[in-house]
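The values are calculated or read from the model by the stated rules, or taken from the named source; none is laboratory data. Since the model is a prediction, treat every value here as computed from it, not as a measurement. Here Cβ is always computed from backbone atoms with ideal geometry, including for glycine, and neighbour counts include all displayed protein chains. The area values use the complete protein model at the heavy-atom level, side chains included, leaving out ligands, DNA and RNA. Shrake-Rupley method; radii C 1.70, N 1.55, O 1.52, S 1.80 Å.
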Amino acid sequence: MSVSHRVRGTSLLVHPLPLLAAAVLLVNDHLLKAAAWPSAAVAGKLSDLAGLFLVPVLATALTSRRLATAWVVATGIGFAALKLWPDFNGAVEAVWGRNALDPGDLVCLAVLPFSWLYLQRGSAPAGPLRRAGATGIIAIACAATPAPRYQRDYPFWQVTSNATPVFHCVETAAWVVKSGKTGFGLTVRLHATGGPCSVDLASATLRLASGGVARGVPARRHLELARCQVEHVYVPFQFDSEAAWNLGVRSGTIELVLATGLARDTWRMTAEHVLHDYQRAKSPPAATTPPLSACAADAPPPKEIAK
Amino acid sequence: MRWLLLVAALLAGCHFHRDSNAPGLSDIENPPADPAAARVEPEDPGEEMLAVNPGILAGGGGREASPQGFGEFGLEVSVVRGWNERSHIEDGFFTYPLRGAGAALGWSALRLTDEDPEMGPLYGEVYAFRLPWGAGGGWAWNPADGDHGPQVFVSGLSLYLRARYLFDDGAELTAGFQGKLPFVWVWSR
């Protein structure tokens, strides 16, 4: 009995419609999406349409025709959840790769009635080789659903507070410019907005949340800045950042001691080691640095007042 | 069986990410070429992988014992530890290590001969691979008659060639196709 059901079930797949949908899925996912042709939006919708048609057909073929309506409904609910529910989308992405959380894609649900109509028709018996071939092609097309190009992402230390304080004659900014297994490198920007300024970077210390301490070694310790001059100082903190990551130690405090003229200040910033996702888009938004404030010497010369 | 097929179809080629060793490679000691750069991207350290591969074997062979020719269907599950120099891209089709080593348990479950069908031996193997090639060896034991002996194999893509010497039945050579559905756990090197 079960053999006879299976024969009838997978015969559903030996038909130009599901095979055409599988071909669309494969060509679109592997060629058109990568080329964003005719546009990224159209290429994305094409995959959703083909996939929504195929999934209930494949599921019905591999289970029972009695479940056809249930599979169509389940596919619709699953797709809606994928496009609307961030937690579900995240869980699916973790297993199957990127999938846009885009309510606009719900328009593709319109294909489900056609899938249901297809499942209501009778199917001609097909030989075992044709059934196995069609099942294999369609299963591969359903499993191989690449999204736009992604690449691996890495955890990166980030300054999360007090990144742009002012110390007497100098405005400062700091950001992590390098981050890896052996520590991170901090760029400190000094902007002499308060007139000529003498700055000493007396010490740099990273205190990890675990209690571990790493000393930073500024590339330059003493700077004589002219009015409105901007200088960048690189401060590497070398430590076993990979071990800290693996132990769950992902935050710390950076302390820079600055002497400006006769004043001596301790600049404390919090830092966190952040990984957004295992993979990210290959063309992420460009990283930016804190904006540089205007300085009197940067400003255009005052216009002469017409007499 | 149909439900098993459905689950297999849905999970074929699945992989799962772990965030161990996640930081990338970066020259921390030296400053960036552009002193005002906002960010220097880390470099790729590559990936480690652990793959569990259940699958089937189908082929045929010949042996010294009678009947000499037979067709063979078997089951095998292997566990592989491997690595790749470069990390996978999420939209790649299958994520699998290009090189590594592993161990397999298999069963030449059904042998079709001119006479009655018979049950073939169980076996355990260790092997190394560098795709598309693999080679290894192990020990076979036939629960039907207790016969046992060493075996070796080579594989190329999905094809295998296995030689076995059972102390009572003598030598046998089998070749065929192996199809596996890998489940892969991926983390950074």
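With Cα atoms as the point set, the stretch A:123-238 shows a radius of gyration and Dmax of 27.5, 89 Å. In this structure, A:Thr160 and A:Leu84 have a Cβ-Cβ separation that, at R0 = 51 Å, corresponds to a calculated FRET efficiency of about 0.95. Under a 5 Å amide H cut-off, with hydrogens placed 1.01 Å from N, A:Gly183 pairs with A:Phe239, A:Ser241, A:Glu242 among residues at least 5 apart or on other chains. Using the Cβ-Cβ distance between B:Asp34 and A:Asp102 with R0 = 41 Å, the FRET efficiency computed as 1/(1 + (r/R0)^6) comes to roughly 0.70. The overall shape of chain B is prolate: from the C-alpha gyration tensor, with semi-axes ordered a ≥ b ≥ c, the ratio a/c is 1.5 or greater and a/b exceeds b/c.
Measuring with a 1.4 angstrom probe and ignoring ligands and nucleic acids, A:Arg250 comes out at about 70 Å² accessible.
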